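Here the structure is laid out as structure tokens; the discussion comes afterwards.
Every number here is computed from the coordinates shown, using simple stated rules; none is lab data. In this text, all values refer to a predicted model and were calculated from it rather than measured experimentally. No Cβ is skipped: glycine too gets one built from the backbone with ideal geometry, and neighbour counts run over all protein chains shown.
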Amino acid sequence: MNAHVVPARAEDLPAVLALLEENQLPKEGLVEHPVAVLTLREGERIVGSAALELYGASVLLRSVAVVSGRRGEGLGKRLTREALKLARERGAERAYLLTETADGFFGRFGFRPVPRSEVSEGVRCSVEFVSACPKSARAMMVDLTERAR
Ligand SMILES: CC(C)(COP(=O)(O)OP(=O)(O)OC[C@H]1O[C@@H](n2cnc3c(N)ncnc32)[C@H](O)[C@@H]1OP(=O)(O)O)[C@@H](O)C(=O)NCCC(=O)NCCS
């Protein structure tokens with residue numbers, strides 16, 4: 001069956017939260033903040049997720065996950081590409097993320113390590129940055145503007 005990247009519906013939230021829990025990714029802040037959640041849907045099943053927290057010209061990319069039985073099929077790349085496209089459509093000029101294990105994966109999209117002190121203020125004040133992610137998680141940033149292409 002083909003999987004499609006589509007915006008999450010309110011009723012998808014429990015499945016997305018379960019996916020985050022399975023992958024030990026933070027759930028905090030996913031519903032509180034102005035957020036865009038994408039799901040990778042296969043029929044009625046959710047096999048992946050990605051979310052954006054929007055802070056004006058900056059976004060926080062978070063909650064990128066693919067169910068363990070479906071990894072290595074290009075689904076994570078599709079989710080990430082769609083999330084960054086959506087970020088550009090919303091007017092974002094840069095995207096940040098925090099990761100402990102997936103630097104190499106996000107490096108494929110142009111994300112580069114950045115000191116936390118250089119992360120824009122809105123993102124730095126997000127729940128992920130302040131409390132939900134371990135201090136050992138590394139911050140990364142990608143420039144989304146034309147000049148970076
Ligand atoms: C990271 C994740 C989303 C990748 O999803 P995926 O569907 O397996 O990825 P894709 O199939 O699109 O891409 C696979 C490619 O990325 C590479 N890759 C996958 N996970 C990687 C990681 N953690 N670090 C470095 N490279 C990684 C694979 O080696 C593969 O390389 P190839 O194209 O040269 O063969 C998935 O492994 C996952 O859900 N991990 C748990 C949650 C997580 O850590 N999320 C990121 C933190 S926000």
For this session: Would you list which lysines come within 27 Å of LYS85, measuring only between C-alpha atoms, while excluding same-chain residues fewer than 8 positions from it?
Result: LYS27, LYS77
Seminar exercise, completed: The helix 75-89 Cα axis meets the longest alpha-carbon principal axis of the chain at an angle in degrees, between 0 and 90 and rounded to 10, of 50 degrees
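Taking neighbour counts of Cβ atoms within 10 Å as a proxy for exposure, in what order, fewest first, do HIS4, HIS33 appear? Spell out each step's value before the answer.
On the way: HIS4 12, HIS33 18.
Ascending number of Cβ neighbours within 10 Å: HIS4, HIS33.
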For this session: Go ahead and estimate [θ] at 222 nm for the chain from helices alone: -39,500 (n - 2.57) per DSSP H run with n ≥ 4, summed, over the residue count, rounded to 500.
Result: -6500 deg cm²/dmol
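So in the chain, what percent of DSSP beta bridges are antiparallel if you round to the nearest 5?
Numbers: 27 of 30 bridges.
Of those bridges, close to 90 percent are antiparallel.
Among ARG112, ARG124, which comes first, then next, by fewest other beta-carbon atoms within 10 Å?
ARG112, ARG124
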Exercise. Ordered by packing density, taken as the mean number of other Cβ atoms within 10 Å over each peptide's residues, highest first, how do 48-58, 11-21 rank?
Worked result: 48-58, 11-21
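Taking 22 Å as R0, compute the FRET efficiency from the Cβ-Cβ separation of ARG116 and SER68 and round it to 0.05. Mind dumping the intermediate values first?
Working: r = 30 Å, r/R0 = 1.35.
After rounding, the FRET efficiency stands at 0.15.
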Exercise. Which angle from 0 to 90°, rounded to the nearest 10, does the C-alpha axis of helix 13-22 make with the longest principal axis of the chain?
Worked result: 70 degrees
Problem set entry | Between the stretch 84-149 and the stretch 57-75, the alpha-carbon center distance in angstrom | 14 Å
